[in-house]
Every structure is written in structure tokens, then in C-alpha cells.
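Heads up: the structure comes next, in C-alpha cells.
Just so you know, all these numbers are worked out from the coordinates, no wet-lab data involved. What you are looking at is a predicted structure, and each value in this text was computed from that prediction instead of being measured. Neighbour counts run over all protein chains shown; Cβ positions are idealised from the backbone, glycine included.
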Amino acid sequence: MRRFLPTLFAMLAVASWSSGPPQIQFENRQKESRITFVLDNGTLPDKPMLDGIPGGVALLDYDNDGYLDIFFANGASLPGLIKTANRFSNRLYHNNHDGTFTDVTDRAGLRGEGYSIGAAAADYDNDGFVDLYISGFDRNILYHNNGDGTFTDVTAKAGVTGISPAGKKLWGISAAWLDYDNDGKLDLFVTNYLDWSFATSRVCGPPGKRLSCSPTFYKGEPNILYHNNGDGTFTDVSEAMGISRHIGKGMGVAIADYNDDGWMDIFVANDNDRNFLFKNRGGRGFDEVGVESFVAFTDNGVPVSSMGVDFRDWNNDGKPSLIVTALGGETYPLFRNEGNGFFSYESYRAGIGFHSFKMSGWGAGIQDFDNDGYKDLFTSNSHVSENADLDKQQHYRQPNAVFRNMHDGTFQDVSGNAGPAMQIRAAHRGCAFGDLNNDGKIDVVISAIGSPAELLYNTSPGGSHWILIKTVGVKSNRDGIGTRIKLTSASGLVQYNHVTTAGSYASSNDLRVHFGLGAETVIKEIELKWPSGTVQVLHNVKADQILTVPEE
Amino acid sequence: MAVCTTWPAFAGPCTGAEEQLAAASRALNRNAVNVAENILRALSASHPDCPEIVLHQARLAQAKGRVDDAAELFYRYTDTDPNDSRGLAYFGRFFLEQHDYMRADALSATAMDKNPNDPAALALRGQVLVMKEQSSEAQALLEKAIKLDPDDPEAQFQLGAIYDKAKAAPQAVEYFRRATKLNPSDARAWDYLALNLEPLGDLEGADRAYQKGLQVNQPGRYHDAFLDYNYGRFLAKRNDLSGSKRHLDRAVELTPQIRAVWYERARLDLRVQNYQQARSDAEKAAACTQQGGIIDLQIYSLLSQVYARLGNAELAKKYADLTRETPPPVRGEQR
């Protein structure tokens, strides 16, 4: 019978279309960094659903020394869900400013409990120190940063356990900090995955070569929205705000004010189910408009195995758009925000369709890696099933991918020319984006099951200029999360970005907002729209600096 | 000096015609109808009593679409030689083309009983087993058939189809390439070759294969009604929207009863912002009973987009609601 739908196909070596000199380069400096973290999923011969899913990374400056530190979420022994050995411990590495890192997990008190998956960093209590929320299968943990290099588990007191009103611990994957009601206090959104347990676990694939079962065999779960009460406690407002009535299979989450109304909206990538776009109704609730906005499915009207997501403006039109990672044979959906409430599916039009068709991805980022003023795309890749290679068309271990923005709405797969670091085949999972060495270039830290984490330092050639903007809210939340920034270069090029740590897969990015400036050494104007409503404009700002901007 | 003399075997009615018969068979395999016809005409004159000529005349009639003549000739041949596995196999292949699957099944089994090493019988039985979803058995038979007769394009095609179904594009490409080489007039094989080159990233090769398929896509046994549809989809992905429209327009002419062709054209209409045409095509897709792989969820999702673009809030909401209420398809058990 004639086929009508695309199917899963071979994952071949990624060929680059690039013909000019390489513009984006990465170098893996894991060995020099002294970071030895290996993501351990505690896998069992029957390959339970849980073991394909872990691997969040957070980039956060927990000691305010101006350099990003690195946190890795880790698995646990199965089926006990206990971090029985050091190899299951979550890890915090302090940045020594010289390319090396020191494991400070024990001192910080961040070894963790249970099967951890995601990490989200932000200063929820506005005390000037970044806190950390860990989502997981059996335990979600909120760590309060004590400001002295240590953290305290305040989960129970804060009321952010990830347990539903019915008393069930939901399977947490990713989390996002946002101030959905613009009251100056960061709220917390947690995605939840499947109604799965070892008791209900199915077994798929032949004995000895088990495969990850399809999530379609399990019911989904509602996501959770916690409102920050401002006194160290949170209230579960999922029902009141219209979140929990939508049952999905939540994986990645990203936030952006997609309709430019001053209120942050939330996108949830659902695995084999329609994606959610929670449109913020002025802080009074959310309408789920994924179907109406055309981001629920690809343009072929069917869901894909949505994993990670990023939600930023890649074509400098001021409208945050989306990239979503998925499994081989599906393509990575690229949804362009039209600015009229609709998104258009652009994967093929933008030139990533045929390339991503062969990839399976987790983390995703819309970042300007070559500092040319146009944001590029990065995905951390791997198939979900450890035994995926049984199917000759699939590969468990895959290289990551980077797509260069060609300034005309299209991207070019330049992975093949981006250096040996981009050829590493591994079971990549979460990845986080940020400037590890404050050189103005966005680096990437990637977790991988069974192999050392990768620290991809951005070594792209050329002397393009840049700026990193660190917002300090006063009336707004102290991190300034949700602040929309418009940057106008002397040449007239206008760029947009916003303050968020959310995005990618189960990971947390550099809070600082990065802009590439190309040849420009002075920025004509920077406009900041704070969540409080304050609009602040800076003029004639020098490039190549980390600019701290307190809210006026 | 002793002289060894080999006496000729019993001279039958086909003696001396063997090479020409083989040539006719090869010509029929690659759909070279005129060549086969000329050979058979000459043979009929020189060997009027050779029954095998009847077999190939039956195949010739089949190739030319003269169904009744073909059936009559096949019957005549199998009456003459009911134990010839080849005759039974070719007759079975004829029934398969007539969608008479039960008879094809029975004849393929009988042909195999008569001679389990006859490549024609093996190929037919393999093809039947593919249809019965006994892929591993079918694969074994087809591989054996190809080993015995690598020049049978149909066996190559069927083996390619097994790999296509198993989503093994590299292997499928190998067999479809052979099938197209042996029978360049097989539009189906070109189409499948293109479909399998596409996921391998050989976009230029896929494009060439689609175009070759379109060049030879004539009514008859190798006609491919979905070639324009598949090429139209391919061109849309390559952002050749006018080319895509040309082929999707043709696809809806060729197979208007299939939902998929209207659906695909509606998607293209939407992309080029021809919303009225998108509405028309999407509604036609919704009315089609033959889904062609397009499920209701896809139709609802498309219609919700179309009506939203047209500013018809009521219908947009209706289809958005239906989209939400319709569960997504259940994918394979594992991934």
C-alpha cells in the first residue's frame, strides 16, 4: 500500500552545506575543566520509561562571583529510586575562573534525593542569591541559597513538592521561573510527564534488547503552577489559573511574551501529544491556545515526540518564536510567530526540515553563537532508546547540531564544520546555554547518559562584538525575569530578547541576556520593558561588556 | 579412433527456440512489449506448436492490457502443461494484477508445490506473502528468487517494498535501483526509489527519480497514481511551491477519491495564503471516505487553521474543539 506519512529513517552522518569559512566553532574542554560528571540513569535490563528521560543542566552563579557555575541533575538506582552511590549524586561545580571547576556538591548540600531530572535556577525570594528547584520522578526539591555557598531544602515549607491536590507525586520533568502576575515575585511552573510507575510499567522490545515504550500507552498528567506568596511559601494555583485542566505529557518548557501584552506566556512541549501554549490573561489566568495558535502540532496535524524547546526571536522581528526537538523521522518543528496570534510551521521553509528529520533531540537553544546579530539554533541529540540501534535507521548516540542563521529566515546546518566537539556521538540529554568564561560568546554545557558531560566552549573565530545584560529588578522581581529587551545598533539592526532561565530540556540557562553585535562597537539604544511596566532606555552603550542594569 | 557422439535429445516443439523464448521473457520482464511481440511473432511462425509461446503471448496480452485475451491464453497454457510452475506463477501474477487475490494465493502455492526452486514461483509467492503480512517468510522467498533470477524486476521491486515497509531506506534503495535498472518503465519503482532516497538526504537523487518516474508514468500495469502526489509533497518541502502546486493539482485529478491528495493541496494552499482554496480543498478532504493515511485529527487541525485564517471564528472554534477532543494516533509499541 502506498505510504502517505513520513516514517523513521536512518540517522546518517550530518553533512554540512557550509561552503565558506567556518563561522561557529566549539571546543570540548571537559577534561581540562576537571568536571567528571557522568549522567547515570540507573538503567535496568527492561529499560523502564524513566531511564531515558533524565539529564537537566543548570548554569547559575550561586556565589555571585560573576562566573557561571554548573549544576547537573542525576538519576538514582532503580527501582529503589535512591541515590545509593556517589555516581547518582546531583553535582554542583564551582567555576574557578580559569577554565577549571571544583566539585562543591557536598559543601553546598546539593547531593539530592530520589530520581532527579530537571533544574531551574532563579532568585525566588529576591535576596540576591540564586536558588535552585529540582524536578524529579519521586522528589521535587526547592533549595534556598543561604548566600554562604550552602543551600537548604525548603521544599515542604515552601509547598512546592510537586504533589497534586489529590496527594499524588507527579512525574516532574522541567521547571520555569516566571512572574506570571507581575507582582515582583517569581512564580514556578513545573511540567509533568506520565502516569507511570514500576507497577504499571510495560516492557517493550525483545528480551535483552528492550526498547523504551511509547508514551501513548500511559495517561498524561497536569502541569503545576505555584504562586509565590512572598513569604517563602507558594500556593498551588494550577486549577484556579486554568493550568491543571489540560492533561499533557509535559517535557520542556519555555516562557516568552509572545503577544507583546506585557504578560509572560508559557509553552509546554508534550511528548506524542499536542503541545500547550498557555496564553496569559493579564495575570488572572491562562487560556491554552496551542491548537488555535497552530503550535500544537506540526503542519501535518499530528503531534511529535516533543522534548525540548526554546522561545525567542530568531528573525529580529520582535516576536518570540519556537524551536522544538523531537525524535528521528519527525523533524524539529520551528514555529514562527506571525504576530497575529498565529504561528507558522517553518521547518522546511527555514531549511532545517530535511536535516533534523534524521535527528533525535532533547535540549534546544536559540542563541547567537557567532555574534553576528542573528540568533542561531543548537540541539543536543540522542535517541531515547538505548537499544535504538537495533533499528538500523536509528542511532542512540548522536552528535549535537548547530544551525547558523543566514539572515533571511533560513538556517544552515554547520555542525560538520563546527569542530571535533560537534562530532561526539553520545546519549546527550539536557543542555544549558551561557557564557562560562565571560568572553562574550555563548557556550553550551551538555549532559550525556553514560559518558562525561561536555563543556562546549564557543571558539568561533572573528572579532565580532557583543554585550551581556544582567538585569536587577527593584519593583520587578530581582532577577528581572520577563524583562523584554530591544537593542538597536548604530547600523539600524534591531534585536530582541528577554530575561529568562527557562528553555532547552529540563535545564536552566544563563540569566544574563546576550546579544551579538557584529562589527558594532557602540550600541545606539537599549530599551528594557520591565515586568513592572517600567520602560527604561539606555543610549550609546559600549559593546564587549557585561552590563548590569538596575531597574529605575 | 573412438568417436564420442552425442545424440540430440528428443526434439520437441520448442527445440531450437530456447534462446528466443528466453529473450522474449526478458523483454516482457522489462516491459519491452514491442521487442517481445516481434520475437513471439517470429517464433509463432517457426515453432507453431511450441506451447511456451502461448505462455509468453499471455504475458504479452497482459502487458498490453488485453485482459480477456490474457486470461484465455493463460488458461490454454496451463491446460496444456498443468505442472509448469512458471506458467502457474505468471498466471498467478496476472490474477494479482486483477486484484483477484484468492486465486493468486492459490496459484502461488500450487506453483511452489510444483517447483520450489522456480524463481517465478518464489517471486510470486513472496509477493503474496507480503500482502498477507508475512514479511519474514516473504523476504526469504524473494531473496531466493533473486538469487536464482536476478533479472526479475518484479522480485526486486517486491523485496524493495519489504524494506520500505520496514523503514530500511538504504536496503530499499538498493532493490528499487535494481528494479528501475531492469525495468525503467516501472513508475512505481521510481516513486519508491525517490521516497527512500529522500530520508537518506539524497535530495537531488530523489528529485531525479521522481522525474524519471513521471516521464514513464503511463496507464498500465506500472502506472503510479500517487507519483504526482509524492512529488508535490517533496517539492513543497524543498520550497518549490509552484512546482508542488502543479503536481498536487494533477494528483487531485488522478485520485480525487483519496483524502490525502486534497489534504496535501489544502496545506499548500494554506502556505501560499490562498485560504478560500484551502477551505475548499480541506472540506473535500473531509468528505472523502478513502482516507489514504490522513486521519480525522489532521483534517480537524487543518480546518481549524483554515477557518481561523478566513476569520470565521465560529467554525475555527468548532474544529479547534474537535481537534482537542480527538486523541492523537497511537504510535508503535516501542521507540
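One table, with the values for the structure above:
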item: Alpha carbon convex hull of the stretch A:85-177, projected area averaged over orientations, nm²; result: 6.8
item: Relative contact order (%) - criterion: Cα under 8 Å, at least six apart; region: the stretch B:1-158; result: 15
item: Rounded FRET efficiency, nearest 0.05, which uses the C-beta distance separating B:Arg246 from A:Leu538 and R0 of 45 Å; result: 0.25
item: For the protein assembly as shown, convex hull volume per residue from C-alpha positions, Å³; result: 194
item: Within the stretch A:536-552, backbone nitrogen closer than 17 Å to the virtual label 7 Å beyond the Cα of A:Asp439 toward Cβ; result: A:544-546
item: The stretch A:442-551 shape via C-alpha gyration tensor axes, a/c threshold 1.5; result: oblate
item: Residues of type lysines that B:Lys237 reaches as a straight line, Cα spacing below 16 Å, ignoring anything fewer than 8 places off in the same chain; result: A:Lys358, B:Lys245
item: Helix-only mean residue ellipticity at 222 nm for chain B, each DSSP H run of n ≥ 4 adding -39500 (n - 2.57), per residue, nearest 500; result: -22500 deg cm²/dmol
item: Within chain A, helix-based [θ] at 222 nm, where runs of 4 or more DSSP H residues each add -39,500 (n - 2.57), nearest 500; result: -500 deg cm²/dmol
item: Cα-Cα separations in the stretch A:370-486 greater than 22 Å, expressed as whole percent; result: 47
item: Cα-based shape type of the stretch B:221-278, given that a ≥ b ≥ c are square roots of the gyration tensor eigenvalues and the cut on a/c is 1.5; result: oblate
item: The stretch B:150-219 versus the stretch A:362-382: alpha-carbon centroid distance in Å; result: 37
item: Residue-wise HN-Hα coupling along the stretch B:143-159, computed from phi with Karplus coefficients 6.51, -1.76, 1.60 (Hz; x: Gly, Pro); result: 5, 5, 4, 5, 5, 6, 9, x, 9, 8, x, 5, 5, 4, 4, 5, 5
item: Chain A, relative contact order in percent, only Cα pairs under 8 angstrom and at least six apart counted; result: 16
item: Sequence of A:Ser451, A:Ser116, B:Ser85 once ranked by neighbouring C-beta atoms within 10 Å, starting from the fewest; result: A:Ser451, B:Ser85, A:Ser116
item: Rounded Å value of the spacing that divides the Cα centres of the stretch A:138-183 and the stretch A:25-79; result: 19
item: Restricting the stretch B:72-157 to GluC sites (Glu not before Pro) in coil, as DSSP defines it, with at most 13 other Cβ within 10 Å; result: B:Glu133
item: Which of B:Ser46, A:Ser214, A:Ser306 has the fewest Cβ neighbours within 10 Å, and the rest in rising order; result: B:Ser46, A:Ser214, A:Ser306
item: Globularity index of the stretch B:222-324, i.e. its alpha-carbon radius of gyration over 2.2 N^0.38 Å; result: 1.03
item: Amide H contacts under 5 Å for A:Val472, placed H, 5+ residues apart; result: A:Val549, A:Glu551
item: Prolate/oblate/rounded call for chain B, Cα gyration tensor, a/c under 1.5 rounded; result: prolate
item: Other-chain or far-sequence residues with amide H under 5 Å of A:Glu288's (modelled H); result: A:Lys279
item: Proxy reagent accessibility, fewest Cβ within 10 Å first, across A:His465, B:His99; result: B:His99, A:His465
item: Those chymotrypsin sites (Phe, Trp or Tyr not before Pro) in the stretch A:195-246 that DSSP places in a loop and that have at most 11 other beta carbons within 10 Å; result: none
item: Two-site FRET efficiency, A:Arg87 against A:Thr152, from Cβ-Cβ distance with R₀ of 22 Å, rounded to 0.05; result: 0.35
item: Reciprocal mean inverse distance between Cα atoms of the stretch A:217-266 - Kirkwood radius, Å; result: 12.7
item: Paramagnetic label zone (point 7 Å from Cα along Cα-to-C-beta, B:Gln291; backbone N under 16 Å) in the stretch B:312-335; result: B:323-332
item: 22 Å Cα-Cα reach of B:Lys147 towards lysines, excluding residues that sit fewer than 8 places from it in its own chain; result: B:Lys114, B:Lys165, B:Lys181
item: Per DSSP, loop trypsin sites (Lys or Arg not before Pro) in the stretch A:481-530 with at most 11 further Cβ within 10 Å; result: none
item: Long-range HN-HN contacts of A:Ile82 with modeled amide H, under 5 Å; result: A:Ser77
item: Vicinal HN-Hα couplings computed from phi for the stretch A:300-315 (Karplus, 6.51 cos²θ - 1.76 cosθ + 1.60; Hz; Gly/Pro x); result: 8, x, 10, x, 10, 7, 4, 10, x, 7, 9, 9, 9, 7, 9, 10
item: Extended-chain gain in nm, criterion 0.36 nm per residue less alpha-carbon gap, B:Asn117 and B:His223; result: 35.2 nm
item: Estimated FRET transfer efficiency when R0 is 56 angstrom, pair A:Ile163-A:Met406 (beta carbons, to 0.05); result: 0.75
item: Under the Karplus curve 6.51 cos²θ - 1.76 cosθ + 1.60, θ = phi - 60°, whole-Hz ³J(HN,Hα) for the stretch A:142-153, x wherever Gly or Pro sits; result: 9, 9, 8, 7, 7, x, 10, x, 10, 10, 10, 6
item: Length-normalised contact order of chain B in % [C-alpha pairs under 8 Å, at least 6 apart]; result: 8
